Each structure stands twice: as C-alpha cells, then as structure tokens.
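K.L.:
Encoded as structure tokens, here's the structure I'll be asking about.
The values are calculated or read from the model by the stated rules, or taken from the named source; none is laboratory data. Bear in mind the structure is a predicted one, so any value in this text is a computation, not a measurement. We place every Cβ from the backbone using ideal geometry, glycine too, and count neighbours over all the protein chains shown.
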Amino acid sequence: MAVVAVLAVATTALLVWQDRPTRETAPELSQSAGPAAPPTTKPPATTGAGATLVVSVVGRVTRPGLVTLTEGARVADAVQAAGGAHPNVDLNGLNLARRLTDGEQVHVGIPPPPEQLPDSQGLPPGGTAKVSLNNATTAALDALPGVGPVTAQRIVQWRTKHGRFTSIDQLREIEGIGESRLARLRELVSL
C-alpha cells in the first residue's frame, strides 16, 4: 500500500509540475513616431494553412489604418504592425496580450466611440444587442447579470488561452458558471 501511495503522490506531483503556467514575453513595441513606410495591403506570407485576419488600428500610432496579420495575432502585434504607439502614449489600458479577431478595431491611446461602449447593463446603446464573448471587455462582461469581476476576468483569460469562443456552451468550462447561470447568459451573449 505504501508503494502505491508513493507512486500516486509522485504521479500527481509530475502532472501538476507539467501543467504549471509558463511566462511569455510580450513583443517589444516601438514608441518612435518617425517617418515610416505606408502600411501594406498585401497579406503577410503564411506557412501551411495559416489564415490571415484584418484589423483596423486607430488612434495614436504611427500608421493608423488596416493591418493584415496571421491568425492568433495579439493586440501588441497589431500596434507594432501600425508602426508602434506614439511617444508618451499610456498603453496600460490596452490588453496587449489579447488575441485579435478578424474585422475588429483596436483603439490606441484614445477611448472607443460611444456607440462601442456598453451601457449600464453591459449592452450596447439601445440595450437590444448581445455582448460578444469574443470581443467584450471585462467591464462589459462584468455588467452582465450574475457575472462579477472575477468571472469576467476568467472569461477573458479563457479567451486569451483558447482563442475565440465557437459555442456559448463553452462558458461551462469557466469556473463559476453553472447550468443556471449559463441559461441566463445564453440570451445576453453572442459569439
């Protein structure tokens, strides 16, 4: 019995050690506002079956406009592709590690326009649209009924780790969201 117990403890320790988080360093962002080449409209070369996505980068960057990136790119990649942020731009409010989705707009150093801000219930103006699981900020998710700041952060972390939500049922994978909460959220969120 003692040998079995030691093997069980050793196996558990090995599995926990292998599942530990690893640190990724964010790509360095250029802060120069010097002259730069205009953005290219040609998609970057991809290897294999890598898909591309197009993102609009606006605000205080060297070359605002459309940038083409490979699937899985992060906000930091979009800012870098737009020539980097202007000097003295505070990037603390921008989640540079968030994965991008095709067709979204990244606001650098400027607030999003009012039509993109959620109302007090986390819904866009008019209250009829659903909150996008793939694009919503933690503030918009936090405003959903039954979702507090901790659960909102877990949703964003899930999205960062796994990429886009492909089903609303994937919310069940997030700690703190059970069947009853999922049933309430199903009518309030979209992909």
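K.L.:
Could you please give the count of residues in segment 135-191 that are assigned to a strand (DSSP E or B) and either basic (Lys, Arg) or under 22 Å from VAL75 (Cα atoms) (or both)?
P.N.:
1
K.L.:
I would also like to ask the following. Taking segment 69-88 as the search range and keeping residues that are out of contact with any helix residue (DSSP H, G or I) (no Cβ under 8 Å at 6 or more places or on another chain) and assigned to a strand (DSSP E or B), which one is farthest from GLY109 (Cα to Cα)?
P.N.:
Only one residue fits best here, namely THR70.
K.L.:
List every residue pair whose Cβ atoms lie under 7 Å apart, where the two residues are 6 or more positions apart in sequence or sit on different chains, the first residue falls within segment 87-114 and is among the basic types (Lys, Arg), and the second residue, located anywhere, is at pLDDT 80 or above and part of a loop (DSSP other than H, G, I, E, B).
P.N.:
Sorted first by the residue in segment 87-114, then by its partner, the pairs are ARG99/GLY72; ARG99/GLY163.
K.L.:
Only residues in segment 173-184 that are at positive phi count as the first member; pair them with residues that are among the charged types (D, E, K, R) and surrounded by 14 or more Cβ atoms within 10 Å (Cβ to Cβ), Cβ under 9 angstrom, at least 6 apart or cross-chain, and list the lot.
P.N.:
GLY176/ARG154
Matching residues to (1) within 19 Å of PRO112 (Cα to Cα); (2) buried (at least 19 other Cβ atoms within 10 Å of the Cβ):
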{"position": "SER56", "(1), (2)": "yes, no"}
{"position": "VAL61", "(1), (2)": "yes, yes"}
{"position": "ALA73", "(1), (2)": "no, yes"}
{"position": "ALA78", "(1), (2)": "yes, yes"}
{"position": "GLY84", "(1), (2)": "yes, yes"}
{"position": "PRO87", "(1), (2)": "no, no"}
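K.L.:
Just checking, how many residues over segment 126-152 are within 17 Å of ARG98 (Cβ to Cβ) and in contact with a Ser or Thr (Cβ under 6 Å, 6 or more places away or on another chain)?
P.N.:
Qualifying residue count, segment 126-152: 3.
K.L.:
Tell me the residue from GLY59, GLY84, GLY34 that is at pLDDT below 85 and small (Gly, Ala, Ser), please.
P.N.:
The match here is GLY34.
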